[in-house]
Every structure is written in C-alpha cells, then in structure tokens.
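*Asks:* Pasting a structure below so you can have a look.
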Amino acid sequence: MISQGNRLRPKRGCGTKSYPDEAAALRALDRIKTRNTRSKVPTRAEECPRGLWHLVGGKATGTGPADKIRALILERDGHRCASCGTAIRGRWYSLQHRNARGMGGTSDPLANSPVNLITLCVSATSPGCHLACERRHPDMHEAGFWLWDSQDPTAVPVTHAIYGRVLLLPDCAVQPVTPTGGDTE
C-alpha cells in the first residue's frame, strides 16, 4: 500500500522493469553484465509478491576516472586549465575526455587514462574552455583538447598552457613535441 495523504491505496505495478519468469530475468541480467552500460549493475534476479521477476542488488559503477587518476591529472596540469591557464582551485573545473567516452560511458581503459584526460576550466554547460570543447570549436581541436573518434590520444599532442606543445604520457608526465622540418614556429 502507498500512503497518499491520510488515505491508503493499493500499489499498482512494481515500479521497476519486470520479467514474466526467472529465465527471462536471468537472460536480461546476463545481457546487462556483458554490456555493462548501466550506472547501477544488478547482481541477481528476484521474484516479487506479484509473481513477477526483477533485477535487484548491485552497486553504482562510475564511468569517470578513479580519484587517484583525477588527482594525478590535476597535479600534472598544475591545478590550472590546460587551455587558458586559469587557476582552478576553488573554482569550477572539469576533466575533459579528449576522445569522448560516448553516452553511458565505455569499458575502454584508455578512456579514463592520463593520455585522454585534461583539466579545463568551468563545466561542459557554462561558458569556458570545457564548453568550447563540447561545442567542438575548431581551435580547441587544433590544440588537441578534443579529438575525432579515429584519432589516437597517445599520438596527438596538446598545446598546454603550462608546457607548450606536448604529448600526454600514460604515467601522467608530458613529453615536449619538437617541430618537424616543415614546421616553423
């Protein structure tokens, strides 16, 4: 029963996705575990009092970088926006995925690695460097802050506000990029 003010009324529907039998629920559970696209992955199928089956349990799984990686990225970038150099301590900032994760995240370990993450000021919805990346501004692409799906973040340099033109390395270090014969800067 659900309380509605001072009245009680019968609950209609279970409020969650249901399956007609245990076999169907287990097939769905197997599909979810294989794809791992949900933020909360269920652990088991359970029958409710109505005779329907539901997927329950599980813990939230984040799609962003681990706290340790986040701290390393911030340290590498000097707690500044890598694009404009603005100090981010006490301000809004974001870690930009140079090669986008896509809706719902990804299981690719490169997505949340130091070569694919960079600190940018503000957020993806407020005016600032991260919003410029989200809107796919050509200057931000040329500087290496966002990449096309076909581009490899381990091979595309970034024009970093602190270090200049560098490659981001897996150990959270940077490697300066020297101009090749045809480039004059």
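*Asks:* Please identify every one of the chymotrypsin sites (Phe, Trp or Tyr not before Pro) in segment 41-143 that sits in a loop by DSSP and has no more than 16 other beta carbons within 10 Å of its own beta carbon. If you can, show how the numbers build up before the last one.
*Replies:* Working: sites: 53, 92, 93; in loops: 92.
Those that pass, being in a loop and sparsely packed, are 92.
*Asks:* Would you tally the net charge around residue 154, using a Cβ to Cβ cut-off of less than 14 Å, leaving residue 154 out, and scoring K and R as +1, D and E as -1?
*Replies:* -2
Bear in mind that the values in this text are calculations on the coordinates, not laboratory data. Just so it is clear, the structure is predicted and the values come from calculations on it, not from any experiment. No Cβ is skipped: glycine too gets one built from the backbone with ideal geometry, and neighbour counts run over all protein chains shown.
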